[in-house]
Amino acid sequence: MAKKSSNAETAPPPKGGEAVKLITGLFFAALSVYTLVALLSYLFTWAEDQSLLTRPDAWNAIVPVENGAGKLGFFWSNLLLSKLFGLGAFIIPFFFAAVAIYSLKIKRIRLLRIFFLTLYGAIILSLLFSFIFSFTKFDDWFGNGVGGSYGYYVNEWLVGMTGPVGAGALISVVFITWLILLNYNVVLWIERAISSIFHRKPRKIKIVADDTGDAVDRFVTVDGKENEPDSANGSAGIGAASAATAGGPAASAPAAMYVKDVPFEVEQSDSVAAKEPFVDDDDVLELIGEDDDVDSGVEEEDFLKDIPKSTLETLFDPRLDLPNYKVPVLSLLDDYKDKIYKVPQDELEKNNRKIVKTLSDYKISIERIFARTGPTVTLYEIVPSAGVRISQIKRLEDDIALSLAARGVRIIAPIPGTNAVGIEVANDKPSIVPMKSLLEDTKFRNSKFELPIVIGRTISNEAMCFDLAKMPHLLVAGATGQGKSVGLNAIITSLLYTKHPSELKLVLIDPKKVELSLYSKIERHFLAKLPDSDDAIITDTQKVVYTLKSLTIEMDARYDLLKLAHVRTIKEYNEKFLSRRLNPLKGHRYMHFIVVVIDEFADLLMTAGREIEEPIVRLAQLARAIGIHLVIATQRPTTNIITGLIKANFPARIAFRVISNIDSRTILESTGANQLVGRGDMLISVSGELTRVQCAFIDTSEVERITEFIGSQQGYASAHYLPEYTGEEGDVSAAGEVDLGKRDKLFDEAAKLVVQYQQGSTSLIQRRMNLGYNRAGRIMDQLEAAGIVGPSEGSKARQVHITDFRSLDKILASLD
């Protein structure tokens, strides 16, 4: 039998490894302190100890030394300060301290990066100090100046080649580059300093109330003059900003707000407080932007007047909605160390012998065989001899399974990218893959995915990571009790550990009413629902239909915004919005990702049929570009459930164990899922390539701890509201049949919006107030019946009969 590969069994770590790290850490900690003491002492005693450099008996105990670190400290500091880097050497003790921190595992740091920055810093500081002090009387310190010998000679050469001005400029650029490598915020500080020099700063911007009780923004310039926009151009600035906010709930505002370096104060009378209960700082933030699209009724020059360019150039951060939000800690998860088993050596050798014997019985010779152990399955890689057909081995699948007396035997002929045939055999004692170990995995933590998912470990024990945004949708299928719900929990947990609530919203659909109910605690952080829905976990079939159709409305609205912004994807749009190149007053808003998780898709199709399938197919076909992604799970992988339209739009699929190879073909277009061992054993198909993975395990108690951790933090006022959808029966009625006694609860707000912009447009109400078209149309008919707008004029906007807020208040008061 050929020699078995070493990767069949992982060698245990050396017993003295931890001791070596401890000793190393303590040594470098002591070296750091000793070096710092020697350097500091050298600054004051270097002249007195210079004789030690020439005395032959310098190491004699009776020869005195002034350096606080002794003679060794003097020679050590003389090497660093005088012979090498001068004052730049003071950065070296910090590198020794970093080595100590790394060895003692006090904090995870990138040691190679710190070494590079230390060396770079010592060199550039040496040059910088030599250049600066060459013009002073301290140019002879330490013999060759405060920059040391290195700095002295390099600086002398630079000045000779480029002159003092050129040398100074070059050294400054290299020094600033080092500072940027240390902390990228240096770029922002430099930009802010430049802006403060070349741009004037405004005084405070106050939000007060006029005599009508409406909020009016006054921009106070440096000379003390107030600029008060007239009502025709949208005097209710904060109200407009609130309407332009991207649909997310907000927290109550404090008495003073700060937008970067621009302070804002809020003053409100009782009447304003009743109508505008809060002014969110993000509403003010969104006022600062620009766009080159169609005019919305507010003059661009008024919009940007007296706002410093430094503010416009500052990136907008949506995470400021919840600035104190903290990602769940890994200690909330269990490590299950007692349920992780190592495959015994005798089991590997026994299976090796049986595979070789079975193949030899059928006159199939092999060159070598070796094993790769995974958490649930071991892959035996066989390199057949020349002339052996792969189909011969493939036909022996059942015979090999009989010989091994094992479950889950699957043959991969050949293994993609190799000249070997793979035989997967289930381990006698399968191991659990803890979710905690995957979230700690370097591959996952260093990924640059937009929607990072880690689902389990492959046969080679590598973390299986992928980007849901690139998938762009995921179909999960498998028989009852094979791990689908745990897989969904792993997907959701991956997102909760990597995304901020302002960047992601989850739409959770659970017909069984028990699988996803644990996530109701994070309603005010991550969940999205219809405005009239009481429960954020959607269980009612009719609500599911309405929610999916509401998502298609959101999809269409987002595509309209992409069109206005002249971009193609959500990534390009958000980059443009965050850099303040899109005006929020023209309807633009930050687009968060929306992930729709549907459990028991088969049950929904049985009860609602085509009403469910149509919006899902439409979302699957179009929604990837605007950040809406679907994760659908079903326990009935039949052709009437997973139809051709569904399969065509879900190229990424996960198959847990199924009963028959027909079900496996329905999901994966190939057999194999029927040969899995269950309990989280699965096959992942991405673009037709199959990978066997053991799904991560996360228990109900762990999910509860995560949701409690998130739910206990400050959140939004409510779940994120999707566009309203009221069903086909809610079609807009004629204006003459409108009962003003049953006005929409948003009627007053819509009336103010129409009067402010002097534009009687249903799409304006729909876009600004984030409503569905049917509801916006009903409100417009109510506005017509109240005499605020005129009748419909086809494709043209309706005429607005009211031109000021005082007249509007009288009409609204008469309707009460």
Output for Cβ contacts, cut-off 8 Å, separation at least six or different chains, first residue over 20 Å from ASN419 (Cβ atoms) in segment 393-407, second open to solvent by 90 Å² or more (accessible area, probe 1.4 Å) and assigned to a helix (DSSP H, G or I), reads SER403/LYS357
Within segment 448-463, the count of residues that are open to solvent by 30 Å² or more (accessible area, probe 1.4 Å) and either on the phi < 0 side of the Ramachandran plot or acidic (Asp, Glu) (or both) comes to 6
Considering segment 739-772, residues that are surrounded by 20 or more Cβ atoms within 10 Å (Cβ to Cβ) and in a loop (DSSP other than H, G, I, E, B), and then whichever is modelled with the lowest pLDDT, we arrive at GLY772
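Can you spot a residue in segment 63-78 that is farther than 17 Å from SER41 by Cα and either open to solvent by less than 40 Å² (accessible area, probe 1.4 Å) or modelled with pLDDT under 85 (or both)?
For segment 63-78, residues farther than 17 Å from SER41 by Cα and either open to solvent by less than 40 Å² (accessible area, probe 1.4 Å) or modelled with pLDDT under 85 (or both): present.
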When restricted to ILE382, ILE340, the only residue modelled with pLDDT of 85 or more and either open to solvent by 60 Å² or more (accessible area, probe 1.4 Å) or within 37 Å of the chain's Cα centre (by Cα) (or both) is ILE340
Of those in segment 417-444 that are charged (D, E, K, R) and touching a Leu at 6+ places or on another chain (Cβ under 7 Å), the residue surrounded by the fewest Cβ atoms within 10 Å (Cβ to Cβ) is GLU440
Pairs returned, first residue in segment 662-673 that is more than 15 Å from ASN640 (Cα to Cα), second residue that is open to solvent by less than 30 Å² (accessible area, probe 1.4 Å) and of a type in the set (A, V, I, L, M), beta-carbon separation under 6 angstrom, 6 or more apart or interchain, are LEU668/ALA655; GLY672/LEU683; ALA673/ALA655; ALA673/VAL658; ALA673/LEU683
Checked segment 582-623 for anything in contact with an Asp or Glu (Cβ under 6 Å, 6 or more places away or on another chain) and either part of a loop (DSSP other than H, G, I, E, B) or of a type in the set (Asp, Glu) (or both); matches are LEU582, ASN583, HIS592, ASP599
Quick count over segment 773-816, residues being part of a loop (DSSP other than H, G, I, E, B) and touching a His at 6+ places or on another chain (Cβ under 8 Å), is 3
Would you say GLY609 is free of Cβ contacts under 8 Å to residues at least 12 places away in the same chain, out of contact with any Pro (no Cβ under 7 Å at 6 or more places or on another chain) and small (Gly, Ala, Ser)? yes
Given the conditions (1) over 26 Å from ASP599 (Cα atoms); (2) touching a strand residue (DSSP E or B) at 6+ places or on another chain (Cβ under 6 Å), every one holds for ILE538 apart from (1)
How many residues of segment 389-432 are part of a loop (DSSP other than H, G, I, E, B) and within 16 Å of LEU379 (Cβ to Cβ)? The answer is 16
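The values are calculated or read from the model by the stated rules, or taken from the named source; none is laboratory data. This structure is a prediction, so every number in the text was calculated from the model and none was measured. Glycine gets a Cβ as well: all are built from the backbone with ideal geometry, and neighbour counts include every protein chain shown. Calculation scope for accessible area: heavy atoms of the full protein, side chains included, ligands and nucleic acids excluded. Shrake-Rupley method; radii C 1.70, N 1.55, O 1.52, S 1.80 Å.
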